[in-house]
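Read through the structure below, which is laid out as structure tokens, and then see the notes.
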Amino acid sequence: MDTFDGYFARRLQAESEMGKQLDSLSDMVSFGVAPAYLYYQLAPTDNALFIVAPILFISGAALRLAKFNTLPKLNYFIGLPTPFATLFLIGLFIGIQYDKEFLTQALSNPFVYFSLPLFLMLLMLSQIKMFSLKSLEGDDTSLTLPLLFVLIFGLLILFDFRVALPSIVLIYVFFSFAIRKSFH
């Protein structure tokens, strides 16, 4: 829905500075606070120290959203978009809820538990160019890349839906890194 609201605002020429700020506030709750809360539910123990990992994620999301608002309009992203980081965390939560034992075991390790939000934060704030579907709105649209990702995602769901979301996010990051020189 986040993609569609921006798309329709641009198409209807209804963009405004107030709308941009409200969208960022909404994104902060949807893609920062909510997934961090879910992630905290996966903490290995009740120790209050484990709140630091979700706070890292919230901080990364806030900084990423602020950074995004200051960049010129590009046909690619700089750094991992917050919705993709959110999909990764939600995918972990889904995997654990549907009994994916290796995810449960991995997150029971405090090092892994703290490392994942830090890794996502660093990706969100990185200078890595990552492809965007917004480039499809231009005249030189190509559906090859999005269709490829839909196909891969569908195959991942068929293979094991419990790891499909984190897997597609990792594939997105690696693919963006591999083709980053083709962005202009």
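Any read-out appearing in this document is the output of simple, stated calculations on the displayed coordinates, not a laboratory observation. Quick caveat: nothing in here was measured; it's all calculated off a predicted structure. Every residue, glycine among them, receives a Cβ derived from its backbone with ideal geometry; neighbour counts consider all protein chains shown.
Miscellaneous remarks
- The lysine pair tally for region 2-182, using Cα distances under 24 Å and a gap of 8 or more places or different chains, is 12.
- Prolate/oblate/rounded call for region 51-93, Cα gyration tensor, a/c under 1.5 rounded: oblate
- For region 156-163, the Karplus equation 6.51 cos²θ - 1.76 cosθ + 1.60, evaluated at θ = phi - 60°, returns couplings of 4, 4, 5, 5, 6, 4, 5, 10 Hz by residue, with Gly and Pro reported as x.
- Simple spin-label estimate for ILE179 and PHE68 gives 2.0 nm between the two label positions (7 Å along the Cα-to-Cβ direction from each Cα).
- 5 angstrom amide H check on PHE77, placed H, neighbours 5+ away: MET130, PHE131, SER132
- GNM flexibility winner over the chain from MET18, MET130, MET121 (Cα, springs under 10 Å): MET18
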